[in-house]
Amino acid sequence: MTPLTQEQITAYKAKMPATVEQEPMAKHTSFRVGGSARLYVVVHSSSTLLEAVEAALAVGIPFYLYGGGSNLLVSDDGFEGVIIQTAHRGIEVKDTNVSAEAGAITAMVARTSVEAGLTGFEWAIGVPGTIGGALYGNAGCYGGEMKDAVESVDAFNLETKEHVRLTNADCQFGYRNSLFKNKPYLILGCQLALKVSPDAAASKARLEEIMGKRKDSQPLGQSSAGCVFKNVEFSDPKELEILSRSVEVPEAMKASGKISAGWLIDQAGLLGKTIGEVSVSKKHGNFFVNAGQARAQDILALISLVKMKVRDDLGIELQEEVQYVGF
Ligand SMILES: Cc1cc2nc3c(=O)[nH]c(=O)nc-3n(C[C@H](O)[C@H](O)[C@H](O)COP(=O)(O)OP(=O)(O)OC[C@H]3O[C@@H](n4cnc5c(N)ncnc54)[C@H](O)[C@@H]3O)c2cc1C
């Protein structure tokens, strides 16, 4: 990456005085990995977010926007530009509608909605990070996904330079996919359409139940970025047939139309596989865990090894869910 000039840095800081230099991204990602952002600024409102991005465009420096850093792999060389963190965390409940700003913590939105007597967003209690990140990747688990709850999304279209309110259909949500992965939008916030809970106590109990399940099945005490790979959706029965030649696919996965990437990694004998200080978790094959001093380079090497072995042994091409920054 081309180094920023001192003139660019000075000009950016003049426009955004809260900017700091050389901020270690390992401090801000759940993987605890990554070199420094040359410039780094935290924004506390949609208007400041727009100012931070417009300043980067005006000064001609690359920018990267993130929320909780729970789905990121940042290069050991860091990012030669400005990294902008969304920290506008407002949540508002009106009747069965919940509005959340991009930087709202997803788990807080889940808890707030349940406490307001609403149902439909309990599943999100264990998803780390922010609503912006959750919308970007159409986060989901335990039978729910953003797609089911979103009524509309407020965003800024960087191509047309317009504020827009997108409907659920406009967002083109798919499995860990959305419009935002394919077009340059800044997500500013969203409106969720939930329902009045017929049994508020049951909704509260569901939050605890989900957290308990996650603790049992995921290495939550260790640094990771959640699932490294997407589960494998198969539409063509041939793909399933090829896989079934090597392993016996559980009926539940066949019925769901999705093969768990963690299960495939387990079948390829890769649980516990380690490169440097990063390992495939022995508890969940789709989680890579950092023993403390892992480098992004080691994580990349482990991703590549896992992809090759799963492809060679099982004939399946895994695709990363984790987002790369600065590579
Ligand atoms: C222990 C653990 C468990 C997890 N479990 C799940 C799970 O069950 N289900 C699931 O789906 N995910 C899971 N994840 C992954 C991750 O938490 C989700 O993808 C989450 O929604 C990411 O939110 P974030 O704010 O941390 O996004 P970040 O990591 O900060 O960013 C992710 C992407 O979103 C983009 N982005 C963020 N905010 C904006 C914005 N305002 N406008 C435009 N783009 C934006 C970023 O540019 C980046 O490309 C897990 C992660 C961990 C560490």
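Extending 7 Å from the Cα toward the beta-carbon at both Glu209 and Lys183 defines two label points whose distance is 3.8 nm. At an R0 of 25 angstrom, the distance between the Cβ atoms of Lys27 and Phe327 translates into a FRET efficiency of 0.85.
Each residue of region 190-204 was assigned a 3J(HN,Hα) from its phi angle through the Karplus expression (A = 6.51, B = -1.76, C = 1.60, θ = phi - 60°), giving 8, 10, 9, 9, 10, 10, 5, 6, x, 8, 4, 5, 5, 5, 5 Hz with x at Gly and Pro.
Taking packing as the residue-averaged number of other Cβ atoms within 10 angstrom, the listed peptides 171-177, 161-167, 279-285 run from highest to lowest as 279-285, 171-177, 161-167.
FRET efficiency for Thr10 and Asp77, Cβ-Cβ distance as r, R0 = 30 Å, nearest 0.05?
0.85
When Rg and the Kirkwood radius Rh are both evaluated on Cα atoms of region 91-203, their ratio Rg/Rh stands at 0.97. Shown is the FRET efficiency for Leu57 and Gln172, computed with R0 = 25 Å from the Cβ-Cβ distance and rounded to the nearest 0.05: 0.50. Counting protein heavy atoms only, region 6-86 has 53 percent of its accessible area on carbon and sulfur, 1.4 angstrom probe. Farthest towards the positive end of the charge dipole of region 219-325, among the residues Ile316, Val232, Ile265, is the Cα of Ile265, using unit charges on the Cβ of Lys, Arg, Asp and Glu.
Listed by chain and number, the aspartates and glutamates whose C-alpha is less than 12 Å from the C-alpha of Lys204, apart from same-chain residues fewer than 8 away, are Glu115, Glu122.
Sorted by average packing, counted as other Cβ atoms within 10 angstrom per residue and highest first, what order do 105-112, 118-125, 50-57, 130-137 take?
Highest to lowest by the protection proxy: 130-137, 118-125, 105-112, 50-57.
Stretching Glu241 away from Ala255 to a fully extended chain increases their span by 3.6 nm, per 0.36 nm per residue minus the current alpha-carbon distance. Under a model in which nothing but the beta-carbon of Lys, Arg (+1) and Asp, Glu (-1) is charged, the chain shows a dipole of about 440 debye around its Cα centre.
Projecting the Cα atoms of Val109, Leu186, Val127 onto the charge dipole of region 91-203 (Cβ charges, centred on the Cα centre) puts Leu186 farthest toward the positive pole. All Cα-Cα separations within the chain were binned at 10 Å from zero, giving a P(r) of 6, 24, 31, 26, 11, 2, 0, each value a whole percent of the pairs.
Roughly what % of DSSP beta bridges within the chain run antiparallel, to the nearest 5?
The answer is about 75 percent antiparallel.
The values are calculated or read from the model by the stated rules, or taken from the named source; none is laboratory data. Values in this document were obtained by computation on a predicted structure and should not be read as measured data. With ideal geometry, Cβ positions are generated from the backbone for all residues, glycine too; neighbour counts draw on all protein chains shown. Note: areas computed on protein heavy atoms with side chains; ligands, DNA, RNA excluded. Shrake-Rupley method; radii C 1.70, N 1.55, O 1.52, S 1.80 Å.
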